[in-house]
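Remarks on the structure that follows.
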Amino acid sequence: MSRAISIGFVVALALSAFLGWRLDKSTDSLDKQAKTIGTLNSQLSDKNSQLLAVDLMGRANDALQLGLQQRNAQLAAGAAGRDQRFKELTHENAEVKNWADTLLPDAVIRLQQRPPITGSEGYHTYLSGSDALHSASQPTDD
């Protein structure tokens, strides 16, 4: 009987050692998981604050765009009003109507005409072309 108790005691001791080893491994695993959860929570908090900042900037951008659209509408209405007023004045005054209907001088028309410019080389070519304006001290052909 003492041999059965000894074997039972050894089995209980082996089982206890095995369960202790498993408990130690589980504790280590739980510690690692707790560290991982802490790291992930920190990263999540950082991402959340970044998202809040982006949301705040987006709302500010939306408000600024709305303000720009309203300002653009005001400017367009003002320009339309000026154009309408100019048309009214043109039709109201015969002298202004005649002035508005006359053709511009050739020199002014030449100033308004230019070939399409593409890039800095095209701009340089246009500026150094033969249609350059005379200086104020030189007489013109007209």
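A few notes on this one:
- Matching residues in segment 90-117 - criterion: being among the aliphatic types (A, V, I, L, M) and either in contact with a helix residue (DSSP H, G or I) (Cβ under 6 Å, 6 or more places away or on another chain) or in contact (Cβ under 8 Å) with a residue 40 or more places away in the chain (or both): Val96, Ala100, Ile117
- Inter-residue pairs, beta-carbon under 8 Å, first at pLDDT below 90 and in segment 13-26, second assigned to a helix (DSSP H, G or I) and of a type outside the set (Asp, Glu), 6+ apart: none
- Flag for Ala94 being hydrophobic (A, V, I, L, M, F, W, C), out of contact with any Cys (no Cβ under 9 Å at 6 or more places or on another chain) and either modelled with pLDDT of 90 or more or surrounded by 10 or more Cβ atoms within 10 Å (Cβ to Cβ) (or both): no
- Residues in segment 1-49 that are β-branched (Val, Ile, Thr) and more than 38 Å from the chain's Cα centre (by Cα): Ile5, Ile7, Val10, Val11, Thr27.
- For segment 109-126, a residue qualifies if it is over 35 Å from the mean Cα position of the chain (by Cα), of a type in the set (A, V, I, L, M) and surrounded by 12 or more Cβ atoms within 10 Å (Cβ to Cβ), and exactly one does: Leu111.
The values are calculated or read from the model by the stated rules, or taken from the named source; none is laboratory data. As the structure is a prediction and not an experimental result, all values here were calculated from the model. Cβ: placed from backbone, ideal geometry, glycine included. Neighbour counts: every protein chain shown.
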